[in-house]
Amino acid sequence: MKSFIYIILISLAVLAGCNGNSHKLEAVSTSTRNKISQRKIIDLTHSFSKETVYWVTSKEFELDTVYVGETDKGYYYAAYNFTTAEHGGTHMDAPIHFSKNGQTVDEVPLENLIGDAIKIDVSVRVSENPDYQIHVEDLTNWEKKENTEIPDGSIVLLYTGFTKYYPDKMKYLGTDKRGEEAIKDLHFPGLSPEAAKWLVKNRNIHAIGIDTPSIDYGQSQYFGSHVILFNENIPAFENLANLDKLPENGFEIIALPMKIKGGSGGPLRIIAILDK
């Protein structure tokens, strides 16, 4: 499958070289619109607001009004300030989050954030156990079902179904308390360290994502999956939305976090692109 993002980049390059030729511009623009219209774009991002779910020890999202309304010069103007933690809502964990020599947000290659993706659905198992840890068997079962190995360079998305609880903290996190004392009450599914180890040893993936607050399950104390993945510079996307709308393969991901120099993570806008 030809990457959608490469189509856009090629079109922009052609546009840049058109030297004002309106007919060429119109032709390229029409071609690009036609290509876009043939694809379906699904937003996998939760909006940021006072409802956004953050880790229980992180600063929550705040939006302060600078000005909203008509100015004395007769035009409408709106501006806000926001403050937030790196890790909350739909966001990316950069490898340095749990790896001393791991890449920071601004160092993660774009090639790891854009590309073909697959979805592994474990929602049935999670419905039976909200503390479920995704096993190696879940990964190999996907391969058996699809009659292929997880492709090289894939972005792997783990669908637990937990996004249906977002932003209800009691159901999504297991607690609505804040602070260190709340950590013991966290309950949600995640990727087992054994499965993370199998992925890095046996498959070549570029990134991984999940529709829960963390790639490790809620009761984890040592964050083994974070450590294993991040030591291999594999970033993680957390608190994803709308994974239920994706097929199990045959789609592409564009995941672009706020480019925070030296950051351990950042707010993420992530979309999936698939054929209609």
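The values are calculated or read from the model by the stated rules, or taken from the named source; none is laboratory data. All figures in this text were calculated on a predicted structure; none of them were measured in a lab. Quick reminder, even Gly has a Cβ in these numbers, built from the backbone with ideal geometry, and neighbours come from all protein chains shown. For accessibility, only protein heavy atoms count, side chains too; no ligands or nucleic acids. Shrake-Rupley method; radii C 1.70, N 1.55, O 1.52, S 1.80 Å.
Is one or more of the residues making up segment 212-229 outside any loop (DSSP other than H, G, I, E, B) and of a type in the set (F, W, Y)? Step through it out loud before you land on a result.
Residues of segment 212-229 outside any loop (DSSP other than H, G, I, E, B): 224-229.
After this cut, where a residue has to be of a type in the set (F, W, Y) as well, the list is none.
Taking every residue of segment 212-229 in turn, none turns out to be outside any loop (DSSP other than H, G, I, E, B) and of a type in the set (F, W, Y).
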message: I want to confirm something. Restricting to segment 133-159 and keeping residues that are within 26 Å of D43 (Cα to Cα) and assigned to a loop (DSSP other than H, G, I, E, B), which single residue is least open to solvent (accessible area, probe 1.4 Å)?
response: I150
task: Give the residues of segment 237-257 that are out of contact with any helix residue (DSSP H, G or I) (no Cβ under 9 Å at 6 or more places or on another chain) and either within 14 Å of S99 (Cβ to Cβ) or surrounded by fewer than 19 Cβ atoms within 10 Å (Cβ to Cβ) (or both), sorted by residue number.
output: K245, P247, G250
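Say whether the condition of being modelled with pLDDT of 95 or more, open to solvent by less than 50 Å² (accessible area, probe 1.4 Å) and farther than 18 Å from I270 by Cβ is met by at least one residue in segment 21-37.
Going through segment 21-37, the residues modelled with pLDDT of 95 or more turn out to be none.
Taking every residue of segment 21-37 in turn, none turns out to be modelled with pLDDT of 95 or more, open to solvent by less than 50 Å² (accessible area, probe 1.4 Å) and farther than 18 Å from I270 by Cβ.
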message: Given the criteria of a type outside the set (V, I, T), free of Cβ contacts under 8 Å to residues at least 12 places away in the same chain, buried (at least 16 other Cβ atoms within 10 Å of the Cβ) and in contact with a helix residue (DSSP H, G or I) (Cβ under 7 Å, 6 or more places away or on another chain), does Y165 qualify?
response: yes
query: Which residues, counting only those in segment 82-109, are open to solvent by 60 Å² or more (accessible area, probe 1.4 Å), touching a strand residue (DSSP E or B) at 6+ places or on another chain (Cβ under 9 Å) and either among the aromatic types (F, W, Y) or without any contact (Cβ under 8 Å) to a residue 40 or more places away in the chain (or both)?
result: F82
message: Can you confirm whether G69 is surrounded by fewer than 22 Cβ atoms within 10 Å (Cβ to Cβ), in a strand (DSSP E or B) and under 17 Å from the mean Cα position of the chain (by Cα)?
response: no
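Out of curiosity, is E60 free of Cβ contacts under 8 Å to residues at least 40 places away in the same chain and either under 21 Å from the mean Cα position of the chain (by Cα) or part of a loop (DSSP other than H, G, I, E, B) (or both)?
On the way: free of Cβ contacts under 8 Å to residues at least 40 places away in the same chain: yes; either under 21 Å from the mean Cα position of the chain (by Cα) or part of a loop (DSSP other than H, G, I, E, B) (or both): yes.
Taking the combined requirement at face value, the residue satisfies it.
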field: Unique match (being crowded, with 23+ Cβ neighbours inside 10 Å, assigned to a strand (DSSP E or B) and not hydroxyl-bearing (S, T, Y)) among I208, I234
entry: I208
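Quick check on L199: is it open to solvent by less than 40 Å² (accessible area, probe 1.4 Å), within 28 Å of K259 (Cβ to Cβ) and touching a residue at least 60 places away in the same chain (Cβ under 8 Å)?
Working: open to solvent by less than 40 Å² (accessible area, probe 1.4 Å): yes; within 28 Å of K259 (Cβ to Cβ): yes; touching a residue at least 60 places away in the same chain (Cβ under 8 Å): yes.
It is true that L199 is open to solvent by less than 40 Å² (accessible area, probe 1.4 Å), within 28 Å of K259 (Cβ to Cβ) and touching a residue at least 60 places away in the same chain (Cβ under 8 Å).
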- prompt: Out of (1) surrounded by 15 or more Cβ atoms within 10 Å (Cβ to Cβ); (2) touching a strand residue (DSSP E or B) at 6+ places or on another chain (Cβ under 8 Å), what's the single condition that is false for T175?
  reply: (2)
- request: Identify all residues within segment 116-125 that are surrounded by 15 or more Cβ atoms within 10 Å (Cβ to Cβ) and either within 20 Å of the chain's Cα centre (by Cα) or farther than 11 Å from P189 by Cβ (or both); write none if there are none.
  value: D116, A117, I118, K119, I120, D121, V122, S123
